[in-house]
Amino acid sequence: MKLNQLRYICEVARRDLNVSAAAEALFTSQPGVSKQIRLLESELGVQIFERSGKHLTQVTPAGKEILAVAERVLGDVRNITCIAEEHVDESRGSLSIATTHTQARHALPHVVKTFRERYPNVSLHMHQGTPMQIADQAARGSVDFAIATEAIELFEDLVMLPCYRWNRSVVVPHGHPLLQESPLKLSSLAAYPLVTYVFGFTGRSKLDKAYREQGLEPEVVFTATDSEVIKTYVQLGLGVGIIASMAFDPDRDTGLTAIDASHLFEPSITNIGFRRGAYLRGYMRDFIHLFAPHITEQTIERGIAARSREQRAALIGELEPLLGEH
């Protein structure tokens, strides 16, 4: 059994059993990947993947168990490399972060700037995607951290720590009738078509919940993953926008006015997650503290040690009163 064989089966599983896509991601050939998978199955005496002709169709029950162990083995290999790098030079390495556009554009720039000044020999890699993709990348160990509001809590293999809370603003063109209402009522907002985030992005679930609780149905006419795109289409007159308040800049967003909507919606909490069992180098722990100053070394260790849902919920409950606002 070879490590590369484990890498191949894990990558094929990640790529929805598309061997060609897995080979491309691994910078190798499709026949080579197929051959190594066959050799591994022959050595183990079980099939990892079911087939129909030349195509893989699904993971076998044995394959599911093998893949779970293979992911852990590959995670441990990465940990060995990290430990060695830490002892060779604790200030040199790389840090990969998966996050949404809103976090990358509005919450992270100051943190990244400070981190780079402190660790000039650490290369930073930012990956953007859906919250589900982001959490999955962290759970698989393909990135060091996931930073997101939605979906991250669905992954049991992630240590999840709350970083800050935030709420929303309604964005309208200058002179819009909603500017005459103070405080803004959800029933008044419901009279207008909405331009907002795709469901599953940036706290969208809280928006839908607020409408449901008042027996209202939002008329969502346009959705996007990017706050800048939402504001553009509000300016074009498609509807009123609902975005994260941190995404509005009165100096830059000319022609638009933001109305505080924090009284209409529950606040959302952005979390940072990392794979349980991952080795966190010193600069990685420092990044967490820069992003969320209330998360101390002791808090990180408690998060790692918290195994049950009850333990995790208790830790999050202790941290939530300490959260800052964005």
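General observations
- Computed extension length for GLU318-LEU236: 25.1 nm, one decimal, from 0.36 nm per residue of separation with the Cα-Cα distance subtracted.
- Relative contact order of the chain, defined on C-alpha pairs under 8 angstrom at six or more residues apart (%): 20 percent
- Here the alpha carbons of the chain define both size measures, Rg and Dmax, at 22.8, 73 Å.
- Whole-Hz couplings from phi, Karplus 6.51/-1.76/1.60, listed for the range 302-312; x for Gly and Pro: 5, x, 5, 6, 6, 9, 7, 4, 5, 5, 5
- Taking amide H as placed 1.01 Å from N in the peptide plane, THR60 has its amide H under 5 Å from the amide H of PHE49, GLU50, each at least 5 places away in sequence or on another chain.
- The chymotrypsin sites (Phe, Trp or Tyr not before Pro) found in the range 5-103 that occupy coil by DSSP, while having at most 14 further C-beta atoms within 10 Å, are PHE27.
- For the chain, the solvent-accessible area of protein heavy atoms averages 49 Å² per residue (probe radius 1.4 Å; ligands and nucleic acids excluded).
- Computed across the range 260-326, the Kirkwood radius stands at 13.5 Å (inverse of mean 1/r, all Cα pairs).
- Its Cα centre serving as origin, the chain has a Cβ charge dipole (Lys and Arg +1, Asp and Glu -1) of approximately 720 debye.
- Euclidean distance of C-alpha centroids, the range 152-188 and the range 36-57, integer Å: 48 Å
- In order along the range 6-23, the phi-based Karplus estimate (6.51 cos²θ - 1.76 cosθ + 1.60, θ = phi - 60°) of 3J(HN,Hα) comes to 5, 4, 5, 5, 5, 5, 4, 5, 5, 8, 6, 6, 8, 5, 4, 5, 5, 4 Hz; Gly and Pro are listed as x.
- Helices in the chain, meaning DSSP H runs of at least 4 residues, each add -39500 (n - 2.57). Divided by all residues, the mean residue ellipticity at 222 nm is -12500 deg cm²/dmol.
- Of all accessible heavy-atom area on the range 131-252, the percent that carbon and sulfur account for (1.4 Å): 51 percent
- Residues whose placed amide H lies under 5 Å from that of VAL122, excluding near-sequence neighbours: GLY93
- Across the cross-link table entries LYS113/LYS209; LYS185/LYS231; LYS206/LYS231; LYS113/LYS231, which are compared at the Cα atoms, the separations over 31 Å belong to LYS113/LYS209.
- Placing unit charges on each Cβ (+1 for Lys and Arg, -1 for Asp and Glu) gives the range 170-326 a dipole about its Cα centre, and among ALA244, PHE287, LEU322 the Cα reaching farthest toward its positive end belongs to PHE287.
- Within a straight-line Cα-Cα reach of under 20 Å, LYS2 can be paired with the following aspartates and glutamates, leaving aside sequence neighbours fewer than 8 residues apart in one chain: GLU11, GLU24, GLU41, GLU43, GLU65, GLU71, ASP76.
- Beta-bridge orientation, the chain: approximately 55 percent antiparallel, per DSSP, counting only bridges with both partners inside.
- Distance from the range 1-33 to the range 220-248 (C-alpha centre basis), Å: 39 Å
- Crossing angle, helix 109-118 versus the chain [Cα axis fit, 0-90 degrees, rounded to tens]: 50 degrees
- Amide proton proximity set for VAL143, modelled H, under 5 Å, gap of 5+: ALA138
The values are calculated or read from the model by the stated rules, or taken from the named source; none is laboratory data. Fair warning: this is a prediction, and the values are worked out from it, not measured in the lab. Positions of Cβ are generated from backbone atoms using ideal geometry, with glycine treated the same way; all protein chains shown enter the neighbour counts. Surface accessibility is based on the protein's heavy atoms, side chains included, excluding ligands, DNA and RNA. Shrake-Rupley method; radii C 1.70, N 1.55, O 1.52, S 1.80 Å.
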